[in-house]
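Each remark here refers to the structure printed beneath this line.
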Amino acid sequence: MAVEPCEIPETASLRRYRDPGAYVDCYVVEVAGSVSHAAFVEAFYTTWLFKVERAILTAFVSRPSTDLDAKQLAEGRVETFAAWRVEDRMPGQLLLGDYTGRTKSWLMVAPAGDGTSLYFGSAVVPKVDSTTGERKLGFVFGALLGFHKLYSRLLLASARSRILASR
């Protein structure tokens, strides 16, 4: 099953960032059988692809993390992970904000027939231009938007593959 863009579910904590000028996305993929939220979060943050991001965060912003840190985040035993801090944790959902407060990362699981829907979404909060008062995402985000969309799909597909491989 392919990763597909989708509407943000009505109950999603990510919806709070659907403000004018913000960027918000959501992707979903189905997995046969039941998948716990903790298993999804741990799988997501321990994929080979996300480990590349973790290495970049360690090298460039001194925010190291390990697979054990990801497991503890998934189990609700820590409130920080690499460059993120937990903003909201509710049954089946986790919303993280980065250390700058500008980007958000959200993971959710939901039953889907005989399987589980795995959701991943992101938000980018606009900056307010101090001169004009205009809310803008900025040039860098605009330039990287295509990459972000592809990367989001690849991250979710990698998490799905990791879950399937662990069965």
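Return a yes/no flag: does region 100-111 have any residue that is surrounded by fewer than 14 Cβ atoms within 10 Å (Cβ to Cβ) and in a strand (DSSP E or B). Quick ask: steps written out before the conclusion?
Taking region 100-111 as the starting set, the residues that turn out to be surrounded by fewer than 14 Cβ atoms within 10 Å (Cβ to Cβ) are 100-101, 111.
Those left that are additionally in a strand (DSSP E or B): 111.
Yes, some residue in region 100-111 is surrounded by fewer than 14 Cβ atoms within 10 Å (Cβ to Cβ) and in a strand (DSSP E or B).
Taking SER65, is it surrounded by 19 or more Cβ atoms within 10 Å (Cβ to Cβ), touching a strand residue (DSSP E or B) at 6+ places or on another chain (Cβ under 9 Å) and of a type outside the set (Lys, Arg)?
Numbers: surrounded by 19 or more Cβ atoms within 10 Å (Cβ to Cβ): yes; touching a strand residue (DSSP E or B) at 6+ places or on another chain (Cβ under 9 Å): yes; of a type outside the set (Lys, Arg): yes.
Yes.
Scan region 60-93 for residues that are assigned to a helix (DSSP H, G or I), hydrophobic (A, V, I, L, M, F, W, C) and in contact with a Phe, Trp or Tyr (Cβ under 6 Å, 6 or more places away or on another chain) and report the count. Give the steps one after another, and end with the answer.
Pass one, region 60-93, residues assigned to a helix (DSSP H, G or I): 60-61, 67-74.
Going one step further and asking which of them are hydrophobic (A, V, I, L, M, F, W, C), we end up with 60-61, 68, 70, 73-74.
Those left that are additionally in contact with a Phe, Trp or Tyr (Cβ under 6 Å, 6 or more places away or on another chain): 70, 73.
So the answer is 2.
On the phi < 0 side of the Ramachandran plot, part of a strand (DSSP E or B) and surrounded by 13 or more Cβ atoms within 10 Å (Cβ to Cβ): which single residue out of LEU96, LEU57 fits that description?
On the way: LEU57 fails: part of a strand (DSSP E or B).
Going through LEU96, LEU57 in turn, just one is on the phi < 0 side of the Ramachandran plot, part of a strand (DSSP E or B) and surrounded by 13 or more Cβ atoms within 10 Å (Cβ to Cβ): LEU96.
Could you list, in sequence order, all residues of region 18-32 that are modelled with pLDDT of 95 or more and over 17 Å from GLY142 (Cβ atoms)?
Those that are modelled with pLDDT of 95 or more and over 17 Å from GLY142 (Cβ atoms): CYS26, TYR27, VAL28, VAL29, GLU30, VAL31, ALA32.
List pairs: first residue in region 45-70 and over 19 Å from ALA165 (Cβ atoms), second residue of a type in the set (S, T, N, Q) and assigned to a helix (DSSP H, G or I) anywhere in the structure, Cβ distance under 6 angstrom, at least six positions apart or on different chains.
PRO64/THR58
Can you pull out every residue in region 29-44 that is of a type outside the set (A, V, I, L, M, F, W, C) and touching a residue at least 40 places away in the same chain (Cβ under 8 Å)? So that I can check it myself, show each step before the final result.
Going residue by residue through region 29-44, those that are of a type outside the set (A, V, I, L, M, F, W, C) are 30, 33-34, 36-37, 42.
Within region 29-44, GLU30, GLY33, SER34, SER36, HIS37 meet the criteria.
Can you pull out every residue in region 71-111 that is under 23 Å from LEU137 (Cα atoms), among the basic types (Lys, Arg) and free of Cβ contacts under 8 Å to residues at least 60 places away in the same chain?
ARG85, ARG102
Conditions tested, residue by residue: (1) modelled with pLDDT under 95; (2) under 20 Å from TRP48 (Cα atoms).
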| position | (1), (2) |
| --- | --- |
| GLU87 | no, no |
| LEU107 | no, yes |
| GLY113 | yes, no |
| THR116 | no, no |
| TYR119 | no, yes |
| VAL125 | yes, no |
| ARG160 | no, yes |
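Return the pair list, or none, for Cβ contacts closer than 8 Å from residues in region 113-131 that are acidic (Asp, Glu) to residues that are assigned to a loop (DSSP other than H, G, I, E, B), at least 6 apart or on different chains.
Every condition considered, the pairs that remain are ASP114/GLY33.
Consider only pairs whose beta carbons are under 6 Å apart and that are at least six residues apart or on different chains; among these, list those whose first residue lies in region 142-156 and is of a type outside the set (Val, Ile, Thr) and whose second residue is part of a helix (DSSP H, G or I) and at pLDDT below 90.
none
Of the residues VAL29, VAL24, which single one is over 23 Å from GLY76 (Cα atoms), within 12 Å of the chain's Cα centre (by Cα) and either of a type in the set (A, V, I, L, M, F, W, C) or surrounded by fewer than 19 Cβ atoms within 10 Å (Cβ to Cβ) (or both)?
Numbers: VAL29 fails: within 12 Å of the chain's Cα centre (by Cα).
The unique qualifying residue is VAL24.
The values are calculated or read from the model by the stated rules, or taken from the named source; none is laboratory data. Computed from a predicted structure; not experimentally measured. Cβ coordinates were reconstructed from backbone atoms using ideal geometry, including for glycine residues, and neighbour counts include every protein chain displayed.
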